[in-house]
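For reference, the structure discussed in these notes is given below.
The values are calculated or read from the model by the stated rules, or taken from the named source; none is laboratory data. Just so it is clear, the model here is predicted, and its values are computed rather than measured. For neighbour counting, all protein chains shown are included, and Cβ atoms are generated from backbone atoms with ideal geometry for every residue, glycine included. Only protein heavy atoms, including side chains, enter the accessible area calculation; ligands, DNA and RNA are left aside. Shrake-Rupley method; radii C 1.70, N 1.55, O 1.52, S 1.80 Å.
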Amino acid sequence: MRRSAGAVDYASPQLLRMFGWDSGEIDPPAISHLSVRMISVVHPADRAQVLQAFAELDASGTPIDIEYRMLTSHSGLRYIHHLAQLVRDEHDRPIQHVGTVHDFTERRLADYEVQQMHSRITHSGRVSILGEMATGIAHEVNQPLTAIATYAKACLRLLGNNECTPEELTHALEQIAQQALRAGEVIRRMRSFVKYHEAKLELTESNRLLDELLQLAQTDAHYHSVRLLLEPAPESPRVRADSVQLQQVLLNLVRNAIDAMQDVPEPQREIVLRTRLDEHGDVEFMVADRGSGVSAEIADELFNPFYTTKESGTGLGLSISLSIVRAHGGKLWHAENPGGGARFFFALPLA
């Protein structure tokens, strides 16, 4: 596209088709008004940005390199990448704009589909983790339910004997209410973790992620006689992250650590969760266990999709975790634990 003295004096056939015009039906006067039409079909929310870009190009020669949306009656919403620069004459006076208008709608929609697919796979990973924790969750929910049943029977017995005092009945009812809230909190945590949501990056304290993970993983760890030890960084450095997705990464690493220690004597079943600022200034998370470690035979396959050493595993946990960490601009790796077992690390840029 070429624009002189405020009007378009040349437009390619592709550009005309983009605006719903047939190049064979357009005469030069009509083409001269194309710039007005271009502005009129820019999405109202983006119009000020486009006008500002053209104003800066005319005033200072700042090249245009912007993306905006376009709304036309024949093709609906389109995503546009606009490049333009100012051409000057031999006296350094501006004489015309020369540029291109690229419709990248298909690429944008394809990127959106990839993001949606990644979100669905990530969500499936959380559902899978929750399925692996089902036994421990059922055990934790069953405890307050058993207590509720016990206190309810006590209330009935006291009422049947006509010997209860208001204080005794009140105490029993308070215990029932407390245990019901306890069971509800377990369900709420799990529902919040597994609920499908769009990824949203926010400033998040690294140590708070460990605290939230402890609430999610404590039930499963306790059921398998595993102790969780926290070693938080002194200053709780922050990262820009989707907290639910990072909880998923941490919980997957903890679940793997628990599985790796099933043949370890109970007194030695210990998982250390640590955050710190590393030597590169990144925020490092570590999950260390005392299990069987990672053998050289499987180390190269560990993060590959569908590779698993578990009888009932999907082989997607570490692969999904790696994709989440990379999407956050970080890296994920593993190393031997000097005291036996394995250590998994991931590092994210400090916010």
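Figures for the structure shown
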| item | result |
| --- | --- |
| Selected residue (criterion: modelled with the highest pLDDT) from residues of the range 234-244 that are of a type outside the set (D, E, K, R) and open to solvent by less than 10 Å² (accessible area, probe 1.4 Å) | Val239 |
| Residue check, Ile324 under 21 Å from the mean Cα position of the chain (by Cα), hydrophobic (A, V, I, L, M, F, W, C), open to solvent by less than 30 Å² (accessible area, probe 1.4 Å) and at pLDDT 80 or above | yes |
| Residue in the range 205-220 that is in a helix (DSSP H, G or I), basic (Lys, Arg), at pLDDT 85 or above and within 20 Å of Val325 (Cβ to Cβ) present | yes |
| Selection from the range 246-263 of residues that are open to solvent by 10 Å² or more (accessible area, probe 1.4 Å) and either under 14 Å from Arg274 (Cβ atoms) or within 19 Å of the chain's Cα centre (by Cα) (or both) | Gln247, Asn252 |
| Number of positions in the range 333-351 that are open to solvent by 20 Å² or more (accessible area, probe 1.4 Å), of a type outside the set (Lys, Arg) and part of a strand (DSSP E or B) | 5 |
| Every residue from the range 272-286 that is farther than 11 Å from Leu209 by Cα, touching a residue at least 12 places away in the same chain (Cβ under 8 Å) and either among the charged types (D, E, K, R) or surrounded by 24 or more Cβ atoms within 10 Å (Cβ to Cβ) (or both) | Arg276, Asp278, Asp282, Val283, Glu284 |
| Subset tally (residues that are of a type in the set (Ser, Thr, Tyr) and either loosely packed, with under 11 Cβ neighbours inside 10 Å or over 30 Å from Asp220 (Cα atoms) (or both)) for the range 147-188 | 2 |
